[in-house]
Amino acid sequence: MFDELANLVAYQWLGLNADSHAGAALHFFVMDTTKIFVMLVIIIYVMGLLRALLSPEKVREYVRGKPQWLARTLAILLGAITPFCSCSSVPLFIGFVEAGIPLGVTFSFLIASPMINEVAVVILLGILGWELTAMYVAAGLVVAYIGGVIMQHFKPERWVEEYVWKIQMGEANLAEVDTSLRGRHTYAWGEVKEILRRLWKWIIAGIAVGAVFHGYVPEGWVTEHLGGKDNWLAVPGAVLLGVPLYSNATGVIPVAEAMLGKGVAIGTTLAFMMSIAALSLPEMIILRKVIKWPALALYASVLAVAFTLVGWGFNVINL
């Protein structure tokens, strides 16, 4: 549906060539803008329905009753079974923070959700085999767990935007939610309008940056400059290059297959995949509306280092 709409706008209405830079960029922009906003509306609405039934206080008390390791494990498993890209995971992240779930646990979810999902795993199995798929999933789970632990160590709650705490603590003068069917719908739709009002400009800006890179950075340049397994700088370079190239784990698998086919080392390719899926610029832009710059910089640094270490490790193993 989204691809057809993008084809209609870019190639039929505007008459752009599908092989041109402008055509590819505009197609990407239209497709991802419609897809992300549709997914955001659905996800925020569903979360709103759930939050209308389960108050933040109840969620907070439930999580407080669990050991940190168990709460973090549950968050990672939830992230792994939800097929969301990084941008569409952010509304869930916001809901977790507003519900008072420890921020380190919430960051574990945010790392796992875009990197690992059942759709990506099935496609990886068919393209790369079970050994590489198992190692990719294991690496993603480890990064999510350890990344959340590291984030928690720095007490990132002090860097959460004040309006989030006001919502959590009930200081925003929010009326008691009507739990009738009509009341839950009204509350959920209000959540959709409020969150999109705060985020829509940043989402558009992030997608636009990704579209420019998608349309104007040649694939041949990417594969040529990422080098083989002996090029140690190729892995951190791949991580940095993946930041603006927004996609999800499923969407980037064909690119990874092409890179492997052209001789790019496996660790470099997986680091590139992880960076695109979990460290995208649109996600950073959206997260900035929830957490302050120190937390955002720490989050990005932890993931960049983790993905680089994973990439080097895979290159050394040399599957």
Original post:
Going by the conditions given, is Val235 crowded, with 20+ Cβ neighbours inside 10 Å and either within 21 Å of Ala80 (Cα to Cα) or at pLDDT 70 or above (or both)?
Top reply: yes
Original post:
Within the stretch 31-43, is there a residue that is modelled with pLDDT under 85, of a type in the set (Asp, Glu) and either outside any helix (DSSP H, G or I) or over 21 Å from Ile285 (Cα atoms) (or both)?
Top reply: no
Original post:
Out of all the residues in the stretch 81-100, which are under 19 Å from Val302 (Cβ atoms) and at pLDDT 65 or above?
Top reply: Phe93, Phe96, Val97
Original post:
From Ala304, Ala297, which residue is assigned to a helix (DSSP H, G or I), of a type in the set (Gly, Ala, Ser) and closer than 25 Å to Ile266 by Cβ?
Top reply: Ala304
**OP:** Can you tell me which residue within the stretch 253-287, out of those that are more than 12 Å from Gly242 (Cβ to Cβ) and of a type in the set (Val, Ile, Thr), is modelled with the lowest pLDDT?
**Re:** Ile253
**OP:** Answer with yes or no whether Tyr299 is buried (at least 23 other Cβ atoms within 10 Å of the Cβ) and modelled with pLDDT of 90 or more.
**Re:** yes
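The values are calculated or read from the model by the stated rules, or taken from the named source; none is laboratory data. Everything numeric here is computed off the predicted structure, so don't read it as measured data. All Cβ positions, glycine included, derive from the backbone under ideal geometry; neighbour counts span all protein chains shown.
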